[in-house]
Every structure is written in structure tokens, then in C-alpha cells.
1. Can you find even one residue in region 428-450 that is within 26 Å of the chain's Cα centre (by Cα) and crowded, with 24+ Cβ neighbours inside 10 Å?
2. Of the residues 458, 485, 437, only one is within 22 Å of residue 413 (Cβ to Cβ), touching a helix residue (DSSP H, G or I) at 6+ places or on another chain (Cβ under 7 Å) and not assigned by TED's automatic domain parsing to the domain that holds residue 389; which?
3. If I filter region 551-559 for residues that are part of a helix (DSSP H, G or I) and either more than 24 Å from the chain's Cα centre (by Cα) or free of Cβ contacts under 8 Å to residues at least 12 places away in the same chain (or both), do I get at least one hit?
4. Right, residue 524: within 22 Å of residue 564 (Cβ to Cβ), in contact with a helix residue (DSSP H, G or I) (Cβ under 8 Å, 6 or more places away or on another chain) and part of a helix (DSSP H, G or I) or not?
5. Regarding residue 672, is this residue in a helix (DSSP H, G or I), over 59 Å from the mean Cα position of the chain (by Cα) and touching a residue at least 12 places away in the same chain (Cβ under 8 Å)?
6. Take the conditions in contact with a helix residue (DSSP H, G or I) (Cβ under 6 Å, 6 or more places away or on another chain), part of a helix (DSSP H, G or I) and under 17 Å from residue 674 (Cα atoms) and apply them to residue 630. Does it pass?
7. Out of all the residues in region 262-279, is one or more at pLDDT below 80, under 30 Å from residue 133 (Cβ atoms) and not in a helix (DSSP H, G or I)?
8. State yes or no: is residue 500 in contact (Cβ under 8 Å) with a residue 24 or more places away in the chain, part of a helix (DSSP H, G or I) and surrounded by fewer than 18 Cβ atoms within 10 Å (Cβ to Cβ)?
């Protein structure tokens with residue numbers, strides 16, 4: 001399409017992306033002064049039979065009104081033209097210069113409550129206008145919200161996913177279908193099942209609000225296993241309870257519990273700003289009159305105006321929903337077709353429903369639906385594969401393996417089934433069999449980079465390290481931006497002690513996915529092996545910035561600070577380890593050692609006590625505890641601690657030596673001499689113990705002489 005000129009007017013200059021049903025381009029209008037830019041959307045029906053095309057054209061006259069009417073809002077792109085050419089349909093819309101909110105809502109970036117409230121209000125004002133026109137957007141996500149450059153206002157785009165609520169599509173078998181369109185993470189359950197509502201848009205907007213407050217992408221948000229509600233409040237402590245309740249109501253799993261209209265949600269936020277803090281007391285606006293869409297005279301006039309704009313007489317069509325016809329504005333949008341009749345006995349329909357449930361991570365429901373499909377058709381290979389896929393997610397790996405084997409028995413050349421079988425065998429720790437499955441999948445599809453990556457992991461588990469490295473190399477050769485293969489390659493190079501090369505691979509991962517904390521952590525480990533401790537600290541610090549509860553990174557960060565002798569910072573870092581893992585023995589132990597170095601002996605003893613409670617028989621903790629007690633001049637307790645160290649490690653000469661010092665300070669000279677002699681017996685060249693023994697012997701001799709003199713005088 002690049003360079004082509006449509007209807008002698010719109011010259012395509014670049015691509016904005018697309019999917020299986022259409023593409024989006026930037027074009028210039030060659031018939032206007034200055035050749036201004038515009039957006040052209042090309043729609044591709046899946047079928048070009050006469051009946052389908054005629055239905056498409058009929059729907060166009062209705063649904064073109066939607067875009068035209070919506071475009072009258074200053075924060076929605078205007079529809080400039082539409083036309084059919086070679087049985088392909090085109091829309092021309094206003095070009096908005098700016099950037100989408102995906103550039104602002106980056107992982108880890110957190111916005112204040114005030115910023116989020118302001119943002120939500122601005123979008124809800126636009127959505128209210130959209131809903132008043134009986135339209136559901138159905139793909140509210142950060143990529144479909146632009147920040148306009150010239151005035152910084154937000155603009156809602158990609159109404160290719162818009163569908164009138166009253167539209168029904170009927171195919172040749174008179175089966176009623178609905179079209180579910182949306183973006184994973186932002187699509188609510190009822191919409192994924194083909195039943196979008198006004199509140200579906202509100203759900204998606206609520207998810208964006210939570211994303212902005214927490215800095216966490218929707219796919220990574222935790223869900224309650226029983227209610228499916230999002231657990232986000234613990235990740236965000238700076239939000240008022242009143243605002244949190246509004247967000248919970250916007251993003252509620254059950255659409256019946258959400259705000260039913262954009263105006264209701266908008267009023268709730270306005271009441272929040274006005275100090276009306278109780279959600280239960282929010283007065284929702286009365287229902288606004290619906291603007292009728294079917295006004296034949298006005299519709300004809302508007303259509304005629306647009307036709308005059310492009311000065312052509314071809315039949316105009318705009319297709320939003322039709323059997324096999326859907327618009328996808330960006331590569332992130334998905335289209336799923338599901339049947340209304342959930343309890344249908346048709347296995348193909350059940351299979352599609354199960355796929356939708358799988359995408360929603362409702363794995364148990366998906367499993368039951370796949371099972372119904374295979375009960376109807378035992379030879380349905382795709383359904384057996386789907387069943388295996390769900391069982392894998394449910395960690396029922398042995399059952400998953402049986403399902404994959406059944407799929408392969410029916411369809412021996414099913415690449416996906418061989419892949420899934422390999423992934424499951426890996427989980428069952430059967431790397432040789434997994435490797436054989438991957439080899440079979442690669443015979444069918446040699447360029448599957450994910451299978452090459454998985455093959456590398458199996459080879460690694462089999463300790464065939466050079467072969468594993470070659471597999472990872474093949475994966476990144478096939479897909480240079482596949483960060484997981486780069487990461488696995490780095491780990492393999494690391495294992496082979498090629499630390500500089502490993503760092504290069506980790507840097508590639510970070511270039512592709514800067515927030516991938518494992519890459520930062522592993523890079524830090526490689527830098528430690530090269531004794532580049534300052535650089536290692538920076539890498540570990542990045543890892544914990546992206547994952548605040550990443551205990552291994554906090555621990556390594558702490559040890560690096562210890563090596564750099566930055567003791568106060570190291571103590572703070574070990575405190576972070578303990579916060580997220582209170583039973584980390586080594587953190588308590590190292591913290592105790594650092595506190596001792598800072599002469600905070602009492603706190604050191606407390607830290608060692610915590611370590612000992614976790615690991616009672618570790619002589620080192622008892623020994624160092626004794627040293628801190630010794631520094632506090634609590635010599636009898638120090639002796640008891642040294643005795644516990646010696647009980648666990650009788651040949652620990654340092655404990656014998658330090659116990660001797662404690663006895664010496666307590667003037668238990670004979671006990672001190674015995675301790676020093678025990679240390680020297682274990683380490684004959686232990687000069688400190690030798691010198692201390694002489695001191696103790698001399699003091700004992702003096703004490704004896706003094707005792708003798710007293711006896712003679714008496």
C-alpha cells in the first residue's frame with residue numbers, strides 16, 4: 001500500500017499497524033492545500049460473496065452515522081470520507097498529532113490520585129458523549145487514548161471497534177452472532193463473551209486508572225481466586241479510601257455492580273472533588289435522553305455531505321460487525337467470535353467459547369467447556385489440544401500430557417500439540433522426552449523461535465551446554481527481539497564463565513525490555529564475578545526498582561554494599577530482605593555482623609538471636625553473638641554463646657580463643673588457660689592464642705604468689 005494513491009486523492013505514506021481484518025495508514029490528502037495528513041483505515045471482509053457484501057453495504061449506511069456523529073466532539077477524530085474500492089472498504093479520518101498514553105503509563109511509573117482523577121474525568125466526559133449516542137467503544141486502552149500535541153488534551157481514537165448496541169448480524173444459517181472486541185487486560189468478561197455493555201467501557205477505564213496509580217500493567221495485577229476481583233490496594237497506599245471505592249466500582253468483575261453509565265462514574269468523581277466522600281451517598285445523574293440514530297433525512301444529508309467531500313460516486317460502506325467482518329485498529333486489538341448460546345451442543349461453538357474463557361484465565365470453566373467439546377466429537381484434535389493447554393495452566397501436568405497425546409494421535413502433524421507436550425514434559429522434569437517433542441515440532445515448523453528457546457532449556461537441563469547455547473542462538477536469529485532467548489543465552493554464557501559475553505546478552509534483554517528485573521539481577525551476578533562491584537550494585541539496584549519485593553536482588557545488593565564497605569546502606573538493604581522474607585537466616589546473620597562493625601552491639605545481638613531462631617545449630621551465629629556480648633562486657637553470656645558454637649563445631653579454634661579472652665576478663669584464669677591450650681592444639685601456629693596463654697599463665701602465677709604471701713603472713 002505504501003506509495004499508492006486511493007481514489008486519486010489519498011496517498012499512503014506510512015503504516016500504523018493492523019491485524020487480520022484490516023490495516024491503518026497515514027496518508028496525505030493531495031487535493032487540499034498543503035497536502036494535510038489524514039488516517040486511512042482499510043477493512044478486509046473475510047468473505048466477498050454477494051450476500052455478505054450486500055449486508056455490509058446496508059450496515060454501512062447505519063454505522064457510518066456513528067463515526068460521523070461522534071466526530072463532532074472536539075476530542076474524537078472527525079470522519080472525513082469513506083468509500084469502497086475493489087470490494088475493500090476504506091475510512092478516512094482526521095490525523096491527530098501527539099502520542100498515546102502507552103508512552104506515559106510505563107511500568108513502575110506511578111501517578112498521584114489528583115492526576116488520575118483529572119485524567120479519568122476528562123475521558124469520562126468523552127465517554128459520556130459516546131454513550132449518549134448509543135455507542136460502546138469496546139477497546140478503551142492506553143494506545144487508543146492520544147495526548148494531542150497542540151493543546152495537551154486527550155483524544156479518544158479507534159472507533160473501528162464501535163458497534164451499535166442494537167445491531168444483530170445473521171448468517172446464512174440464521175445463527176445470531178455478536179462480536180467481542182477488545183485488548184487483553186482491559187476487556188471485561190461479559191464483553192469477551194460477546195455481550196458488551198456501557199459499563200464495559202467503564203471497566204476498561206478503571207483498569208487504566210489502577211495501572212496509573214500502581215505502575216503495574218493489567219496482565220500483572222493479582223486477582224482474587226474466589227471473586228476474580230483485582231487486588232490492587234496493597235500496591236498503592238497513597239490513595240484515599242473514597243477514591244479507591246470508586247475505582248473498585250468501575251473495575252468490578254460483575255458488570256451489575258459497576259457504574260451503569262459514564263455520567264454516573266463522572267458524577268462520583270465530581271462528588272469526590274467536592275468533598276462528598278461517601279460512595280453510598282453519591283447522587284447519580286438521571287438518565288439522559290438517547291439521541292436517535294435512525295433519522296433517514298438527516299442520515300441521507302450527512303452521507304451526501306461526506307460523498308461530496310471526496311467527489312466520487314462509488315457506493316460507500318463502513319462495516320463494523322458482520323459474520324467474519326471486523327475492524328482492528330492496532331496490532332494490540334483482538335477479535336473473538338463467540339456464540340450467544342453458551343449451552344450449545346455444537347462442539348465447534350464450545351471450542352470457541354473455551355478459547356475465550358482461556359484468554360480470560362478462567363481455566364476451570366475453560367476446561368469444562370473443552371471437555372464438552374471432545375465429548376461431542378472425540379476426534380476433535382484442536383479441542384484436545386485446548387484441554388491440554390488448560391490442564392497445563394492448572395498444573396495438572398500428567399493429565400495435560402494425556403490430552404496432548406490424544407491430540408497428536410488424531411493429528412500427528414499438530415505443531416502446537418507437540419509444543420505443548422514438550423512444555424508439559426519440561427514441567428514433569430523429563431527433559432529427554434521434552435527434547436524429542438521439540439524436535440518433532442521443529443520438523444513441522446523449523447522457524448518456531450519459541451520452540452528453539454524451549455529446546456535450549458531442555459538441553460541445558462541435560463547438561464549439553466554447547467548445544468543449548470546453539471539453540472538459544474538460533475532462537476534470537478529467528479526473532480532478534482525475543483528477550484527471553486537473549487536472557488537464556490546470557491544465563492548459558494554465564495554458566496560457561498564467559499562473563500563479558502553474558503553481560504552483553506543481558507544488556508540486549510534490557511534494551512528490549514528495560515523492566516525485566518531478572519536480567520538486571522543476572523547482570524549484577526556476572527559483574528560480581530568480574531569483581532566490578534560498583535557496577536553490580538547499580539544492576540541490583542535497578543532490579544529492585546522494578547520489583548520491590550525481589551528478595552534475591554535485595555540480598556545480592558546488600559552483599560555488594562558490604563563488599564564496598566558501605567555499611568549503613570548495607571544494613572538498610574538487609575532490612576529490605578528481612579521485610580520481604582523474615583525467615584532469611586543469612587540476612588539476619590549478615591545484618592548482625594554489620595551492626596557489630598558499626599559498634600551497635602545490642603542490636604547485633606538481637607539480629608543474631610533472630611538468625612539462631614531460624615537456624616539453631618549454626619556455629620557462626622553463636623560465635624558472632626558471643627563476640628557482640630563480649631564487646632558489651634557481658635562475659636558470662638559471651639562464654640555461654642561460645643560454648644554453643646563449640647557444641648556445634650568442636651574444632652572451632654576461634655571460639656576457644658575468644659572464650660579464653662572472656663574467662664581472662666572474668667579472672668577465671670585456669671579456664672582461660674584451658675581454652676587457649678585447646679585453640680593452640682587445633683592450630684599450633686595460632687600466635688594470638690599463644691600470646692594470650694602466656695598472659696593468662698603469668699597472671700595465674702602472680703595470683704598464686706600473692707596467695708602464698710598471704711598464707712605465710714598469716
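The values are calculated or read from the model by the stated rules, or taken from the named source; none is laboratory data. All figures in this text were calculated on a predicted structure; none of them were measured in a lab. Every residue, glycine as well, gets a Cβ built from its backbone with ideal geometry; the counts of neighbours run over all protein chains shown.
1. No, region 428-450 contains no residue that is within 26 Å of the chain's Cα centre (by Cα) and crowded, with 24+ Cβ neighbours inside 10 Å.
2. When all the criteria are applied, what remains is 458.
3. Looking only at region 551-559, we keep the residues that are part of a helix (DSSP H, G or I), and these are 551-559.
Filter once more, so that each one left must be either more than 24 Å from the chain's Cα centre (by Cα) or free of Cβ contacts under 8 Å to residues at least 12 places away in the same chain (or both): 558-559.
Yes.
4. Numbers: within 22 Å of residue 564 (Cβ to Cβ): yes; in contact with a helix residue (DSSP H, G or I) (Cβ under 8 Å, 6 or more places away or on another chain): yes; part of a helix (DSSP H, G or I): yes.
So residue 524 fits the description; yes.
5. Yes, satisfied.
6. Criteria not met by residue 630.
7. Scanning region 262-279, I find at least one residue that is at pLDDT below 80, under 30 Å from residue 133 (Cβ atoms) and not in a helix (DSSP H, G or I), so the answer is yes.
8. Numbers: in contact (Cβ under 8 Å) with a residue 24 or more places away in the chain: yes; part of a helix (DSSP H, G or I): yes; surrounded by fewer than 18 Cβ atoms within 10 Å (Cβ to Cβ): yes.
Spelling it out, residue 500 is indeed in contact (Cβ under 8 Å) with a residue 24 or more places away in the chain, part of a helix (DSSP H, G or I) and surrounded by fewer than 18 Cβ atoms within 10 Å (Cβ to Cβ).
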